[in-house]
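No value in this document is a laboratory result; all are computed from the given coordinates. The structure presented is a predicted model; accordingly, all values stated were derived computationally and were not measured. Cβ atoms come from the backbone with ideal geometry, glycine included; neighbour counts cover every protein chain shown.
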Amino acid sequence: LSLSVFTLVLVVLLWRWEGGVRGEIDRVAQSLEAVASETAAGIDVEAHETIRTAQDSTSPQFLQIRSHLREVLERYGIQSPIYTLRFVDGGKATEFVVMTNPEPFVGDSYVVQEPMRPVLEQGSRSRTALYGDSHGRWISGYAPLKTGDGTVMGLVEVDRPGGELHAELWQARVFALLLALLCALVAALADYLVRQEVGPLASIVRL
């Protein structure tokens with residue numbers, strides 16, 4: 001009985017509490033994806049392709065695109081820098097091109113996240129669930145940078161720090177586990193008292 005109670009309560013609470021946090025994560029991801037798509041639409045891809053090295057970070061093309069990214073950052077209150085990236089090594093890696101950070105790092109490499117692949121392979125925008133990398137926990141939205149003939153030359157990445165939602169997710173799991181254990185203990189105690197035929201529970205059962 002107590003095991004059944006534990007399982008039932010745990011499943012219900014995880015569905016309600018953890019599901020609520022995951023729903024919020026998905027809503028954030030959808031919003032970031034939409035912002036990335038809007039941002040990509042305002043970038044001159046040919047100008048973007050001229051930015052290749054750290055020396056290009058003072059070029060008119062870099063400064064114009066960075067200004068556009070910063071306008072989006074401010075308009076939507078994005079909590080993390082916005083980047084553009086270029087696929088390199090046959091799509092096995094990416095490198096940073098333009099970023100809103102005060103100190104540019106054009107050409108620095110960044111690992112390809114799996115949700116980036118639809119951008120490269122299908123030219124479609126994409127988003128992540130909560131994930132972690134060497135810089136922390138994130139939720140991200142991506143949109144392709146395409147030439148006039150539809151060739152994908154890179155992508156826009158818009159992030160939100162995910163540490164707070166990651167903590168909420170684990171809190172939901174821990175609270176669900178503790179409450180399920182408590183309910184199972186109460187069920188086990190009630191079953192014990194009934195079997196011993198003592199106390200108010202046994203009296204109620206006999207009635």
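Neighbours of residue 93, meaning other residues whose beta-carbon lies under 12 angstrom from its beta-carbon, give a summed charge of -1 when Lys and Arg score +1 and Asp and Glu score -1. Other residues whose C-beta falls under 13 angstrom from the C-beta of residue 102 contribute a net charge of +1, scoring Lys and Arg +1 and Asp and Glu -1. Within the shell defined by Cβ-Cβ distances under 11 Å, the residues around residue 155 carry a net charge of +3, with Lys and Arg each +1 and Asp and Glu each -1.
Modelled spin labels at residue 149 and residue 92, positioned 7 Å past Cα toward Cβ, are 2.6 nm from each other. Shape class of the stretch 22-66 from the Cα gyration tensor (axes a ≥ b ≥ c, square roots of the eigenvalues): prolate, since a/c reaches 1.5 or more and a/b is larger than b/c.
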